[in-house]
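The values are calculated or read from the model by the stated rules, or taken from the named source; none is laboratory data. Just so you know, these numbers come straight off a predicted model, no measurement behind them. No Cβ is skipped: glycine too gets one built from the backbone with ideal geometry, and neighbour counts run over all protein chains shown. The accessibility values were calculated without ligands, DNA or RNA, using every heavy atom of the protein model including side chains. Shrake-Rupley method; radii C 1.70, N 1.55, O 1.52, S 1.80 Å.
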Amino acid sequence: MKIIITAASDRMDQPFSPRFGRADYFMLIDTETREWEAFSNPAADARGGAGLQAVQFIANKGAEAVISGRFGPNALSALEAAGVEVYLASNGTISEVLQQFLDDRLERAGGASGTGMHGEGH
């Protein structure tokens, strides 16, 4: 399975990012082979619609699930429409969050957990 974990840097031993649309990086990980690749988030500095732009990027990478700390309502709806499973993590490195996912210890998002759109966190 291909998953995306939002990240603050491009290294597996660094903390994951709780921000979905404005995360600095997306870590694309194959859960079967444990191979991974870091991508700069092209939407991180978007003036608006970062969550929806991030969803499009993730869908284009073929991810089947995404893990972050919070999701705005539009991003969550778009992920669900794209058939991407959405999970919530609270802390840890990318490697630790991956292990939590593999151990089935992450909560599935049942609704938006962020403020939504470009006012997020400001």
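Values as computed for the structure displayed
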{"read-out": "Test: residue in the range 110-122 that is at pLDDT 95 or above, among the aliphatic types (A, V, I, L, M) and under 14 Å from the mean Cα position of the chain (by Cα)", "value": "no"}
{"read-out": "Flag for ALA81 being among the hydrophobic types (A, V, I, L, M, F, W, C) and open to solvent by 40 Å² or more (accessible area, probe 1.4 Å)", "value": "yes"}
{"read-out": "Scan of the range 18-45 for residues that are assigned to a loop (DSSP other than H, G, I, E, B), of a type in the set (A, V, I, L, M) and within 9 Å of the chain's Cα centre (by Cα), ordered by number", "value": "ALA23"}
{"read-out": "Any chance LEU79 is out of contact with any Leu (no Cβ under 8 Å at 6 or more places or on another chain), in contact (Cβ under 8 Å) with a residue 24 or more places away in the chain, assigned to a helix (DSSP H, G or I) and aliphatic (A, V, I, L, M)", "value": "yes"}
